[in-house]
Amino acid sequence: MEEILKIFLKITKIPRCSYDTHKMEIFLTNYAKQFDYMVQKDKANNILISSANPKICLQVHYDMVCIGTAPNIEPVIEGSVLKAKNSSLGADNGIAIAMMLKLMQDGAKAEFLFTNDEEVGLIGAKNLELKIKSPYMLNLDSEDEQEVYIGCAGGADLKLAKELQNVTDEGYFYEISISNLPGGHSGVDIDKNIPNAILKLAKFIKENSLKIASFSGGERINSIPANAKAIVLSKKPLESVQNIAVCKTEPQKISNFDINDLFALPNGVLEINKEFNAVQSSCNLAIVNINPQKAVIEISYRSLSNKDLDNITQKAKSVYENLGYKAELNDKYPGWTPKINDFTKKVQSAVTSIYGSCKTKVIHAGLECGILSQKLPNVQIASIGPTIRYPHSTREYVELDSVERTYDVVKLVISE
């Protein structure tokens, strides 16, 4: 553990924000060569480091989400956790990189695949051209120890645009807003009954028969909206209600936008997978921007089934096209169909040996395993990782004891 931590602290000094990973690429290449491993790269700057006669491939991504002062990272150890001062830590996926480099020091008979720019659309995995010799791949990008992931959701983003017309009317003009709702990840948190700020504000507009001058809500396509605000025209005086602030404003141009468009399809969990007690399919109304001339709506869809993903996105596209929107599907990536096989059983056995028990799960979020399972159809894949909390934020931390236990699992899997 001491050596893994030492390597990770060295990694934190190397800039590796998404789209700016060249220095990390050089570091990984030089590190491998000093231990006599073979190094290959492809056009997407994915890196494959190999021993002779490998039996297993370990896989991570080597970019990170830079929040706060990152890539200037000041690591801080508090008790049994490692965090960073005023920045993201990059434990996602840096702590797994450190484990893999420690295995290279020890001469592990394995392949080590480092994919590039995962955090900005799984770019490296989508463009992978390197050939894997091993029949098994262990992804180390999960964030809960003692759990073996065997499936993940695929996803697609739907962007809708519609031209609007100005209308004339009289009444009271107000700015209405919702701020600082909990928010959350649009995949793993979609079943936690987290309120959607866009839909809450839209419901208020609908119930009060308000007309819209402007509306903006949501933060990112993969987040449950925490904030939304609008300029509206009301036929009667309005007052603030629970979670919705109301204040008078100057008269503005209003549009013919129909608020019912935001309720055209269900939002949230669409179906549950009973076999794995997980969300099968979901929808997240993520971003809305409306002005008197144009409405733009962005929605993210996820499913454990690629067929189901196609069905729900095509249905949504058709519904909104019938409402007069130009509909465009973007950033589609495949899911990883859950499957128990010989390799997942080996990983389950290793986890049980270290912890005494094992949890087998599927995750309603995107892992590179979804893409890699299609590109490498003859390779059996599983995913594990140490416990990391609040990744992609200044609150990110990793539980150090979980790193040591996860490393023991990885060594046991390799030995078997």
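Computed from the coordinates by the stated procedures, all read-outs in this text should not be read as laboratory data. Just so it is clear, the structure is predicted and the values come from calculations on it, not from any experiment. FYI the Cβ positions are ideal-geometry reconstructions off the backbone, even for glycines, and counts take in every protein chain you see.
Remarks
- Cysteines of the chain lacking any other cysteine Cβ under 4.7 Å from their own Cβ: Cys57, Cys152, Cys247, Cys283, Cys358, Cys369.
- Matching the structure-derived semi-axes √(5λ) of the Cα gyration tensor in Å against the labelled list [x] 32, 29, 19; [y] 45, 22, 19; [z] 38, 25, 19 gives the label [y].
- Modelled label positions at His22 and Lys315, each set 7 Å beyond Cα in the direction of Cβ, lie 4.8 nm from each other.
- Among the GluC sites (Glu not before Pro) within the range 156-255, those in coil by DSSP and having at most 13 neighbouring Cβ atoms inside 10 Å are Glu170, Glu239.
- Ascending count of other beta-carbon atoms within 10 Å, so fewest first, for Lys43, Lys211: Lys43, Lys211
- Net charge over other residues, Cβ less than 11 angstrom from the Cβ of Ser393 (K, R count +1; D, E count -1): +1
- Share, in percent, of DSSP beta bridges within the chain that are antiparallel, nearest 5: 80
- Note on the chain: helix-only mean residue ellipticity at 222 nm, from DSSP H runs of 4+ residues weighted -39500 (n - 2.57) and normalised by residue number, equals -8000 deg cm²/dmol.
- Taking other C-beta atoms within 10 Å as the exposure proxy, Thr337, Thr352, Thr344 rank Thr352, Thr337, Thr344 from fewest upward.
- The range 275-416 has equivalent-ellipsoid semi-axes of 38, 20, 12 Å, by the square roots of 5 times the alpha carbon gyration tensor eigenvalues, sorted largest first.
- Part-to-part distance (alpha-carbon centres) for the range 42-115 and the range 244-265, which is given in Å: 46
- Ranked for footprinting exposure by Cβ neighbours inside 10 Å, fewest first, Val398, Val167 give Val167, Val398.
- Across the cross-link table entries Lys41/Lys332; Lys109/Lys133; Lys274/Lys339, which are compared at the Cα atoms, the separations over 18 Å belong to Lys41/Lys332.
- Orientation-averaged projected area, Cα convex hull of the range 26-88 (nm²): 6.4
- The range 331-403, Cα convex hull volume normalised per residue, Å³: 114
- Only one residue of Phe257, Tyr325, Leu181 has its Cα farthest out toward the positive end of the dipole of the range 156-333, where Lys and Arg carry +1 and Asp and Glu -1 on Cβ, and that residue is Phe257.
- Point-charge dipole on Cβ atoms (K/R +1, D/E -1) for the chain, about Cα centre, debye to 20: 440
- Interatomic Cα distance distribution for the range 174-285, bins of 10 angstrom, percent: 14, 42, 29, 12, 3, 0
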